[in-house]
């Protein structure tokens, strides 16, 4: 049985009475609690506890819903701005990494251009000698 406690200036009525237990969901117990006696410790197995609740007038409920929607829209806008900032930072970082990669490739190309070596390790080198004999080839070591 519900008892009216008070009525606010905006018409909200506050009641006190038995409400569904939030620990067991009004079931009074659960199979997972079988080793401790199945019963809910909060409601003692009845599924009901003493509690309070409010009933709003339709006008005040509409006002609360509008405030919640406004707060949600503000939160959503902040989240979108944060996401845009994160994506911009990621794009900036990606571009910086791309420039660093290109600079490294250019540095490697420049080193190869001044190098005495013709290819990479493992490259196949074809040597065609026309009219030369092994006595004509000199190998110098440093």
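The values are calculated or read from the model by the stated rules, or taken from the named source; none is laboratory data. For clarity, every value in this text was computed on a predicted model and none was experimentally measured. Cβ placement follows ideal geometry from the backbone for every residue including glycine, while neighbour counts extend to all protein chains displayed.
With surrounded by 10 or more Cβ atoms within 10 Å (Cβ to Cβ), at pLDDT below 85 and out of contact with any strand residue (DSSP E or B) (no Cβ under 9 Å at 6 or more places or on another chain) as the only criterion, which of 138, 101, 112 stands out? I'd like the intermediate steps shown before the answer.
On the way: 138 fails: surrounded by 10 or more Cβ atoms within 10 Å (Cβ to Cβ); 101 fails: at pLDDT below 85.
After ruling out the rest, the residue left standing is 112.
Go through the residues of the stretch 20-36 one by one and say whether even a single one is in contact with a helix residue (DSSP H, G or I) (Cβ under 9 Å, 6 or more places away or on another chain) and modelled with pLDDT of 90 or more. The answer is yes; a qualifying residue exists. Report whether or not residue 24 is under 34 Å from the mean Cα position of the chain (by Cα) and touching a residue at least 12 places away in the same chain (Cβ under 8 Å). Answer is yes for this residue.
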